[in-house]
Amino acid sequence: MPSKRRDHLVDQALALFQAEGYHATGIDKILKQAGVAKMTLYNHFRSKDALILAVLERRESQYFQWLGRRMKQHPSAPREKM
């Protein structure tokens with residue numbers, strides 16, 4: 001079960017990565033934005049790559065939740081679902 005701090009780190013990293021890009025966003029900037037210590041980050045993620053993977057998983061989950069809601073808005077119209 002993910003902790004609130006882990007979720008907060010992922011959320012903050014997602015926002016920064018979307019705004020500035022994965023490569024351009026450093027760990028120190030993520031830590032500052034999230035308001036956590038470096039040890040907290042590394043307690044949850046082994047590396048920046050592991051954090052990026054968690055961010056990508058979060059984005060995928062958000063997308064499919066959004067898609068599911070959109071499809072439910074047009075239950076009898078397959079073309080509008082897409």
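The values are calculated or read from the model by the stated rules, or taken from the named source; none is laboratory data. Predicted model, so just to flag it, every value in this text is computed and none were measured. Glycine also receives a Cβ, built like all others from the backbone with ideal geometry; neighbour counts cover every protein chain displayed. Ligands, DNA and RNA are excluded from the accessible area calculation, which covers all protein heavy atoms including side chains. Shrake-Rupley method; radii C 1.70, N 1.55, O 1.52, S 1.80 Å.
Some points to look at:
- Taken over region 1-34, the criterion of being open to solvent by less than 40 Å² (accessible area, probe 1.4 Å), within 13 Å of Asp49 (Cα to Cα) and in a loop (DSSP other than H, G, I, E, B) is satisfied by Thr25, Gly26.
- Filter pass, Lys38 being loosely packed, with under 14 Cβ neighbours inside 10 Å and either of a type in the set (S, T, N, Q) or free of Cβ contacts under 8 Å to residues at least 40 places away in the same chain (or both): yes
- In the set Arg46, Arg59, only one residue is surrounded by 12 or more Cβ atoms within 10 Å (Cβ to Cβ) and charged (D, E, K, R); that residue is Arg59.
- Among residues of region 7-33 that are without any contact (Cβ under 8 Å) to a residue 24 or more places away in the chain, those with a Cβ under 8 angstrom from a residue that is surrounded by 12 or more Cβ atoms within 10 Å (Cβ to Cβ) and assigned to a loop (DSSP other than H, G, I, E, B), sequence gap 6+ or separate chain, pair up as Leu16/Thr25.
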